[in-house]
Amino acid sequence: MSWGEAAKALGLLVALVLLQITIVTPIEVANGHPDLVLAFLVALALLRGPTLGAVAGFWAGLLLDSAALAPPGVSSLVLTLAGYWAGRFGLATTRSSPHPPIIAVALATVWVAVGLTVVNFLLGQSVPAGELFGRVLLPTLALNVLIMFPVYRLTERLFPVAPRDRREATVLA
């Protein structure tokens, strides 16, 4: 990845964090909120790999914590791991199938909910786990899966990926 693409990814992350905090978070559907930053992070990690996914997750978490005046580092830790594992998942799957982005954002949504709950609990904050997992997680999961299609296609256009080299083993007789 070149410096220009890294600057483009960082600029897009800043814009998406501002959009998430100001416009998307107040949108509530059945107690769930779509997570545009997480969907972009997963799409970028699927297309560019675990290293960029982890770095983008760290900066996205730091920006989200700073914008929401939350304790710094909580979202960074969880989103760094989500970006890394989405990138690893992207390396292990094919790009011709439409299913990996849906599976990756679903797993990342569950991971972020569980991870933030555990980290906040370890920090001594009250966590209503029954309300989170019973009322909020399923609608948020559904909304994130719905927004993943356009976010992934847009990310694919902004960050085009060269086709993978196929290496075939030759059998010596």
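Could you say which residue among I27, I21 is of a type in the set (V, I, T) and either farther than 20 Å from F149 by Cβ or in contact with a Phe, Trp or Tyr (Cβ under 8 Å, 6 or more places away or on another chain) (or both)?
I21 is the lone residue from the list that is of a type in the set (V, I, T) and either farther than 20 Å from F149 by Cβ or in contact with a Phe, Trp or Tyr (Cβ under 8 Å, 6 or more places away or on another chain) (or both).
What residue, of V118, V145, V151, is among the hydrophobic types (A, V, I, L, M, F, W, C), surrounded by fewer than 17 Cβ atoms within 10 Å (Cβ to Cβ) and either modelled with pLDDT of 80 or more or not in a helix (DSSP H, G or I) (or both)?
Residue meeting the stated conditions: V118.
Are there any pairs, at least 6 apart or on different chains, whose C-beta atoms fall under 6 Å, with the first in the range 144-162 and closer than 20 Å to P34 by Cα and the second among the acidic types (D, E), and if so, which?
N144/D35
State whether one or more residues within the range 86-96 are part of a helix (DSSP H, G or I), free of Cβ contacts under 8 Å to residues at least 40 places away in the same chain and closer than 21 Å to P34 by Cβ.
Within the range 86-96, not a single residue is part of a helix (DSSP H, G or I), free of Cβ contacts under 8 Å to residues at least 40 places away in the same chain and closer than 21 Å to P34 by Cβ.
The values are calculated or read from the model by the stated rules, or taken from the named source; none is laboratory data. Because the structure is predicted, anything quoted here is derived from the model rather than measured. Glycine also receives a Cβ, built like all others from the backbone with ideal geometry; neighbour counts cover every protein chain displayed.
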